[in-house]
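The structure appears below as structure tokens.
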Amino acid sequence: MSTKTMDRWLIESLMDTDLYKITMLQAYYHSSEFRLVDIEWKFACRNRNGLDLSTLIPEISRQLEHLCTLSFSDVELDYLSGFAFIKPDFIEFLRIFRLDMRFVHIEPKGEDINLRFSGPLLHVSLLEIYTLAIISELHTFMNCGGIDLNVARQNLAEKIAYLKAEDDLSGFNFADFGTRRRASKAWQEEVLFTLKEQLPKCFSGTSSLHFARKLGLPPIGTMAHEWFQSWQAVTRLADAQTAALEGWVHEYRGRLGIALTDCYSMDSFIRDFSDPYFGKLYDGLRHDSGCPFVWGEKAILMYQQMGIDPLSKTLVFSDGLNFPRMLEIWKRFKGRAKISFGIGTNLTNDVGNEPLNIVIKMVAANGRPIAKISDEPGKSMCEDLGYLQYLASQYGIDPSLVKISQ
């Protein structure tokens, strides 16, 4: 196995993560239900395609050991304190917060990586984005020989020119969601700086807290699948989605009001969400799997049937986007709802190398399986087929249609 190391630390600040990791952590911190929950997370690469990832393990471990020495600085905490939705007691929790390698388990599995986080939810949740960013950047430099900046800059310039060629982009906006799969931290910064300078009217911000603070960009984000999955551990399974929606409202009181729809399929989400109580409290919905056009039509119809004007709500699309796809979706739904986009890999890792399609997802809580059932079968993740099929039955999904995806 390779012993090659990087000449720098890939994560130098605990702020180098997505906003929604912090907002979800605060919600866990304030929810007594999660104080005693132990969670297991599992890494998966969806496009290894014969690549030997196991050679990265020594350097992944070294980078994670450094990560566990970091803490939030006073300046960073002052920045977080400036947001009305971040509460003083949580700031004090972050002041003493450290990650711990005791909760990290990594070893080769043939040419793949068997990487898991196991431990108290409050102490392992933040590991996800840092670790994915580390693995993605190590792949760029140790497997692909680095970034050809000529290619990367040309690809970015073509994206910008593609948007500028549109006659009317009024109402079109997109944000960077690419921290977890970036080619490198330095390249992500260059991308964001360039977009801020060249597309100020339609580039709306970034999920990265670090670069939002450094570059003066709005930080973007609310919740992810883990928020919905974690409620499987603390409430009746059939009620987990409703409990997650209610728990978010209890924590944020109408702020950060974009709800993710695909932990149990869009149809089951509509079943649990189509009460004007949720419809009016939440500002909109986020799409992350399945056909965006089918999803958008279902979302608009749901609001109409609740007697809510869809134009008062925001639909955020964030699944596998590129620039032509964003414009195609926008042209379909503009004038029918507020439309926004979060674009990741195609923005921060379009540098001439094949990016890794990597995730780290919850697979167990307190020793029992948990799962999500995506609108796209390849995005479901679970290690217990029986549990996955039972989960499907509780949410009105044909159990025979679900399968375990790695």
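The values are calculated or read from the model by the stated rules, or taken from the named source; none is laboratory data. Note that the structure is predicted; figures quoted are calculated from it, not measured. We place every Cβ from the backbone using ideal geometry, glycine too, and count neighbours over all the protein chains shown. Ligands, DNA and RNA are stripped out before the accessible areas are found, and what is left, the full protein with its side chains, is counted by its heavy atoms. Shrake-Rupley method; radii C 1.70, N 1.55, O 1.52, S 1.80 Å.
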Point to revise | Members of the range 55-67 that are open to solvent by less than 20 Å² (accessible area, probe 1.4 Å) and farther than 16 Å from K4 by Cβ | key: L64, L67
Exercise for review: Considering only residues that are assigned to a loop (DSSP other than H, G, I, E, B) and farther than 16 Å from H139 by Cα, look in the range 348-374 and name the one that is nearest to the chain's Cα centre (by Cα).
Suggested key: S374
Check your understanding: So how many residues does the range 232-253 have that are of a type outside the set (G, A, S), touching a Ser or Thr at 6+ places or on another chain (Cβ under 9 Å) and under 23 Å from I129 (Cα atoms)?
Key -> 3
**Study point:** the range 46-75, subset more than 21 Å from H105 (Cβ to Cβ) and aliphatic (A, V, I, L, M), residue modelled with the lowest pLDDT
**Key:** L51
Review point. Inside the range 14-43, can you point out the residues that are of a type in the set (F, W, Y) and open to solvent by less than 40 Å² (accessible area, probe 1.4 Å)?
Key: Y20, Y28, F34, W41, F43
Exercise for review: Evaluate the following for R153: is it open to solvent by 50 Å² or more (accessible area, probe 1.4 Å), of a type outside the set (G, A, S) and part of a helix (DSSP H, G or I)?
Suggested key: yes
Practice item. Say whether the condition of being small (G, A, S) and without any contact (Cβ under 8 Å) to a residue 40 or more places away in the chain is met by at least one residue in the range 359-379. Key: no
**Study point:** Residue that is of a type in the set (V, I, T) and under 26 Å from E251 (Cα atoms), where the choices are V316, V351
**Key:** V316
Practice item. Please specify each residue of the range 193-223 satisfying the condition of being open to solvent by less than 10 Å² (accessible area, probe 1.4 Å) and either among the hydroxyl-bearing types (S, T, Y) or over 14 Å from N173 (Cα atoms) (or both). Key: T206, S207, S208, L209, F211, A212, M223
Point to revise | the range 343-363 - residue that is of a type outside the set (K, R) and open to solvent by 20 Å² or more (accessible area, probe 1.4 Å) and, of those, nearest to W187 (Cα to Cα) | key: D350
Practice item. Out of the residues in the range 90-103 that are out of contact with any helix residue (DSSP H, G or I) (no Cβ under 8 Å at 6 or more places or on another chain) and open to solvent by 70 Å² or more (accessible area, probe 1.4 Å), state the one that is farthest from Y130 (Cα to Cα). Key: E92
**Study point:** Residue under evaluation K42, criteria (1) part of a loop (DSSP other than H, G, I, E, B); (2) touching a Lys or Arg at 6+ places or on another chain (Cβ under 6 Å); (3) of a type outside the set (A, V, I, L, M, F, W, C), criterion not met
**Key:** (1)
Exercise for review: Evaluate the following for S125: is it open to solvent by less than 30 Å² (accessible area, probe 1.4 Å), closer than 25 Å to D100 by Cβ and in contact with a Pro (Cβ under 8 Å, 6 or more places away or on another chain)?
Suggested key: no
Practice item. Give the residues of the range 264-284 that are in contact (Cβ under 8 Å) with a residue 60 or more places away in the chain, open to solvent by less than 60 Å² (accessible area, probe 1.4 Å) and within 13 Å of Q394 (Cβ to Cβ), sorted by residue number. Key: Y264, S265, S268
Check your understanding: Applying the selection to the range 44-54, what residues are surrounded by 15 or more Cβ atoms within 10 Å (Cβ to Cβ) and in contact with a Gly (Cβ under 8 Å, 6 or more places away or on another chain)?
Key -> S54
Practice item. Answer yes or no: is there a residue in the range 240-259 that is within 20 Å of the chain's Cα centre (by Cα), over 29 Å from S81 (Cα atoms) and assigned to a loop (DSSP other than H, G, I, E, B). Key: no
Point to revise | Unique match (being open to solvent by less than 20 Å² (accessible area, probe 1.4 Å) and within 30 Å of D38 (Cβ to Cβ)) among S184, S230 | key: S230
**Study point:** Whichever residue in the range 368-401 is hydrophobic (A, V, I, L, M, F, W, C) and over 22 Å from I39 (Cβ atoms) and, among such residues, is modelled with the highest pLDDT
**Key:** I397
